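Novice: Below is a structure I'd like to ask you about.
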Amino acid sequence: MTSSGNAVPVFLYHSVSDDPPPWIAPFTVSPRVFAEQLDRIADAGLTVVPLRRLVAALRGGPVLPPRSAVLTFDDGFADFYWTVTPLLTDRDLPATLYVTTGAVHPPGGTARGSLLPPAPMLNWRQIATLDACGIEIGGHTRTHPQLDTLPGRKLCDEVFGCKRDLEELLSHPVESFAHPHGYSNASVRRKVQKAGWSSATSVGYAFSSPADNALRISRLMVRADTPAEQFQAWTEGWGAPVAPYPERLRTRGWRAYRRVSAGLGRPVGGPPTD
Ligand SMILES: [Zn+2]
């Protein structure tokens, strides 16, 4: 793949930890590696912009600064509060955190439950604090299902209910959604739009671009086994396709990915469907 001035890396992280539960370990980077990656982003001259800047550009609003990047974090692991936030704050970097609301503990209570295996997750008080500190809180459903397999009523509960959970907690509109496992189809995306989410991120293993779909924004997933050279290439605008791109590349990327991830309990699944 060649470098493209339009390529916008939207980085997708999960846990940042030295001792993750085994099921999430393949999708976890250590704090040291994470800090190195933030340094690479700075050294490459990228401007980290809030997700809403990219969404505005996708919708015909102001163009992005040249060589923009976006940081996103899925699921709502507790290490976001203790490990990620200080590193972002030190560098004055914006980020979006997508929360699975059923995995969140209310103060003094237990979580309603989600399909994610056990792991230390954020509690509601920490999420409210992160919101107050300027981290964008987005939604990632209530239980982390594969949305494209759900009947209508359940789909509504996940997509509308998650938004309601977060807006009740934060007392302001919550705009940004991420498809669990990266899965969506046209009817899921219609429902997401109807619920009032202004954007939705996917996985895609591709750069986003000003021509990307605001309800299926492509992201580059950073994993435990992402080589430093690969991450470096992404910061330089090459090493992955640029969305939107032909379906055969999408399929090929997912096939390669499934080979490494087969058999693991995991927070992400197969290719986005249409
Ligand atoms: Zn997830």
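The values are calculated or read from the model by the stated rules, or taken from the named source; none is laboratory data. Small disclaimer: the values here were computed from a predicted structure and weren't measured. All Cβ positions, even for glycine, are placed from backbone atoms using ideal geometry, and neighbour counts span all protein chains on display.
Novice: Got a sec? Which of PRO118, PRO107 is loosely packed, with under 15 Cβ neighbours inside 10 Å, closer than 19 Å to ASP79 by Cα, more than 19 Å from the chain's Cα centre (by Cα) and within 16 Å of the ligand (Cβ to nearest atom)?
Specialist: Details: PRO107 fails: within 16 Å of the ligand (Cβ to nearest atom).
Criteria check complete, one pass: PRO118.
A quick yes/no check of all residues on (1) modelled with pLDDT of 95 or more; (2) surrounded by fewer than 16 Cβ atoms within 10 Å (Cβ to Cβ); (3) among the hydroxyl-bearing types (Ser, Thr, Tyr):
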{"site": "ALA214", "(1), (2), (3)": "yes, no, no"}
{"site": "ALA224", "(1), (2), (3)": "yes, yes, no"}
{"site": "PRO241", "(1), (2), (3)": "no, no, no"}
{"site": "ARG250", "(1), (2), (3)": "no, no, no"}
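Novice: Let me ask something additional. Determine whether region 129-142 contains at least one residue that is part of a strand (DSSP E or B), more than 16 Å from the chain's Cα centre (by Cα) and under 30 Å from TRP238 (Cβ atoms).
Specialist: Pass one, region 129-142, residues part of a strand (DSSP E or B): 136-139.
Subsequent filtering for residues that are more than 16 Å from the chain's Cα centre (by Cα) retains none.
Checked against the condition, which is being part of a strand (DSSP E or B), more than 16 Å from the chain's Cα centre (by Cα) and under 30 Å from TRP238 (Cβ atoms), region 129-142 yields no hits at all.
Novice: Still on this model: Name the one entry in ALA111, ALA56, ALA25 that is touching a helix residue (DSSP H, G or I) at 6+ places or on another chain (Cβ under 6 Å) and either touching a residue at least 60 places away in the same chain (Cβ under 8 Å) or within 29 Å of GLU158 (Cβ to Cβ) (or both).
Specialist: Working: ALA56 fails: touching a helix residue (DSSP H, G or I) at 6+ places or on another chain (Cβ under 6 Å); ALA25 fails: touching a helix residue (DSSP H, G or I) at 6+ places or on another chain (Cβ under 6 Å).
Of ALA111, ALA56, ALA25, the one residue that is touching a helix residue (DSSP H, G or I) at 6+ places or on another chain (Cβ under 6 Å) and either touching a residue at least 60 places away in the same chain (Cβ under 8 Å) or within 29 Å of GLU158 (Cβ to Cβ) (or both) is ALA111.
Novice: Within region 161-191, work out how many residues are within 15 Å of the ligand (Cβ to nearest atom) and closer than 15 Å to ASN213 by Cβ.
Specialist: Residues flagged as within 15 Å of the ligand (Cβ to nearest atom) and closer than 15 Å to ASN213 by Cβ within region 161-191 amount to 8.
Novice: Still on this structure: Would you tally the residues in region 37-60 being charged (D, E, K, R), touching a strand residue (DSSP E or B) at 6+ places or on another chain (Cβ under 9 Å) and over 24 Å from PRO173 (Cα atoms)?
Specialist: Number satisfying all stated conditions: 0.
Novice: When you check GLY138 against the structure, is it touching a residue at least 40 places away in the same chain (Cβ under 8 Å), of a type outside the set (Val, Ile, Thr) and either within 12 Å of the ligand (Cβ to nearest atom) or in contact with a Pro (Cβ under 6 Å, 6 or more places away or on another chain) (or both), yes or no?
Specialist: Answer is yes for this residue.
Novice: Inside region 50-66, can you point out the residues that are among the aliphatic types (A, V, I, L, M) and more than 16 Å from ALA211 (Cβ to Cβ)? First the steps, then the outcome.
Specialist: Going through region 50-66, the residues among the aliphatic types (A, V, I, L, M) turn out to be 51, 54-58, 63-64.
Residue satisfying the conditions is LEU51 alone.
Novice: Something else about it: Given VAL174, VAL159, which one is in a loop (DSSP other than H, G, I, E, B), in contact (Cβ under 8 Å) with a residue 12 or more places away in the chain and either out of contact with any strand residue (DSSP E or B) (no Cβ under 6 Å at 6 or more places or on another chain) or farther than 20 Å from ILE24 by Cβ (or both)? Walk me through how you get there before you give the answer.
Specialist: On the way: VAL159 fails: in a loop (DSSP other than H, G, I, E, B).
Within the list VAL174, VAL159, the selection yields VAL174.
Conditions tested, residue by residue: (1) part of a loop (DSSP other than H, G, I, E, B); (2) of a type outside the set (A, V, I, L, M).
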site	(1), (2)
LEU64	yes, no
THR83	no, yes
THR89	no, yes
SER114	yes, yes
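Novice: Here is a further query. Looking for something over 22 Å from ALA195 (Cα atoms), within 16 Å of the ligand (Cβ to nearest atom) and either in contact with a Phe, Trp or Tyr (Cβ under 6 Å, 6 or more places away or on another chain) or acidic (Asp, Glu) (or both) - is there at least one such residue anywhere in region 80-103?
Specialist: Within region 80-103, one or more residues are over 22 Å from ALA195 (Cα atoms), within 16 Å of the ligand (Cβ to nearest atom) and either in contact with a Phe, Trp or Tyr (Cβ under 6 Å, 6 or more places away or on another chain) or acidic (Asp, Glu) (or both).
Novice: Which of the residues belonging to region 192-217 are within 16 Å of the ligand (Cβ to nearest atom) and either within 10 Å of the chain's Cα centre (by Cα) or part of a helix (DSSP H, G or I) (or both)?
Specialist: Matches in region 192-217: VAL192, ALA200, THR201, SER202, VAL203, ILE217.
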